[in-house]
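Derivation of every value follows stated rules applied to the coordinates shown; laboratory data play no part. Being a predicted model, the structure only gives us computed values, none of them experimental. Cβ coordinates were reconstructed from backbone atoms using ideal geometry, including for glycine residues, and neighbour counts include every protein chain displayed.
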Amino acid sequence: MGLFSTTKDPKFDPERDLPDLTGKVILVTGGNSGIGFATVQHLARKGAKVYLTARNEERAKAAIERLKAESLEPGNGTVEWLELNLSDPRKARESAELFLKKEARLDVLVNNAGVMSDTSQKNSDGVIEPMAVNFLSTFVFTRTLLPLLTQTAKEPDSDVRVVFLSTQTLSLLKGKGPRFRNLDDLNEPFSGMMAYVHRYAKSKLAMTLVAKQFQRKFDADGIPVTVLCLHPGTVYSEGLAKDPNLQMPVIGTVAKFLIKKTFATPTEGAYCSVFAAASPTVKAEREKYKGAFLMPPGKLSEPPAPEVESTELAEEAWNTAETLLKEWGV
């Protein structure tokens, strides 16, 4: 999800600009709809074996059938379902462990799945949903896959990448002093009509900070894995189309018309993710792109908030995640 920018008429064209991905194994979280679905579609068309993660098997299978009907021709790649429930970090770890049993390599992980909740309700661990899904479970899922990512990165001519979908809404936290010292910090309530957006932004900031930390750790260990964060643009996704506000008579109809005219389609909205995942430019100029923040359709950009570059905050978020997960036995 993103606000404040659009990605119409992008210059990057996946069909034209992506290389043959035959032999590559790619994992895309939240791939059964929206930007995730389009990301899977673009990458599978180029020959990759793509794992589409979703909580619901029926929806995942429906998405795969749709992919086959719309885009997968002889010579294209394949798509498989991997069950993933990010609402609970234990289930996220179990899903990653299952993947490790299925595959002997992982070339690209695209952490696409995310949630923006309009409530501050906490789960059984006492964490609000956006922090559980967007930060803690995504962290656990990625951390559990590190051995396979590392193993693949050590192969000759490897090009291993980890992509995190962030958001332009991080700008809402600019100069606001966000902290991640403990559970109370993660559950910061915020107030007002935009409280839910601020909670979402903070969960994505935590995720973006640990993404940066993953890159620092890979670099320190001399492992050639490229980590990128990105804002996908403002996209008219299937989730947005179901927004109750857009179902209102007259106002909803007008708003939907304007949105369709100005927002990117999911296919276009996936361009930045696909660029980060597979563009040969990233491999050719790895030193420039590793740890970078991208804007559509794949432009290097300053992060929406300077806090993203804080190593202190990154270590704070990482250590708090590790401490909480250890307490929960994850």
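For region 14-327, the Cβ-based charge dipole about the Cα centre amounts to some 360 debye (Lys, Arg positive; Asp, Glu negative; other atoms uncharged). Give the distance, in whole Å, between the Cα centre of region 167-196 and the Cα centre of region 53-126. Answer, in whole Å: 27.
For region 14-30, the Karplus equation 6.51 cos²θ - 1.76 cosθ + 1.60, evaluated at θ = phi - 60°, returns couplings of x, 4, 8, 9, 8, x, 5, 9, 4, x, 7, 10, 10, 10, 10, 7, x Hz by residue, with Gly and Pro reported as x. Between Arg161 and Val108, Leu109, Thr226, the built amide H atoms are under 5 Å apart, and every one of these is 5 or more places off in sequence or on another chain.
Helical runs (DSSP H, four residues minimum) scored at -39500 (n - 2.57) apiece and divided by the length of the chain put the mean residue ellipticity at 222 nm at -13000 deg cm²/dmol.
In terms of surrounding Cβ atoms within a 10 Å radius of their Cβ, Ile26, Ile128 rank from fewest to most as Ile128, Ile26. Could you work out, for region 165-221, what percent of all Cα-Cα pairs fall into each 10 Å distance bin, beginning at 0 Å and stopping at the bin that holds the largest distance? The distribution over region 165-221 is 22, 50, 22, 6, 1, given as percents.
Within the chain, antiparallel bridges make up roughly 15 percent of the DSSP beta bridges whose residues both belong there.
Applied to region 183-195, the Karplus parametrisation 6.51 cos²θ - 1.76 cosθ + 1.60 on θ = phi - 60° returns per-residue 3J(HN,Hα) values of 5, 4, 5, 5, 9, 3, x, 6, 8, x, 5, 9, 4 Hz, with x for Gly and Pro. Sequentially through region 103-118, phi angles give Karplus couplings (6.51, -1.76, 1.60; θ = phi - 60°) of 10, 9, 7, 8, 8, 9, 10, 10, 7, 8, 5, x, 9, 10, 9, 8 Hz, Gly and Pro residues having no value and appearing as x. Residues whose amide H falls under 5 Å from that of Thr78, counting only those 5 or more places apart or on a different chain, are Lys49, Val50, with hydrogens built in the peptide plane. When the Gaussian network model of the chain links Cα atoms closer than 10 Å, the mean-square fluctuations of Lys46, Lys204, Lys61 top out at Lys61. Three principal axis extents describe the C-alpha atoms of region 8-137; from largest down they are 47, 39, 25 Å. Longer than 29 Å from Cα to Cα, which of Lys68/Lys217; Lys102/Lys288; Lys24/Lys91; Lys49/Lys154 are they? Say none if no pair is. Long pairs (Cα-Cα over 29 Å): Lys68/Lys217; Lys102/Lys288.
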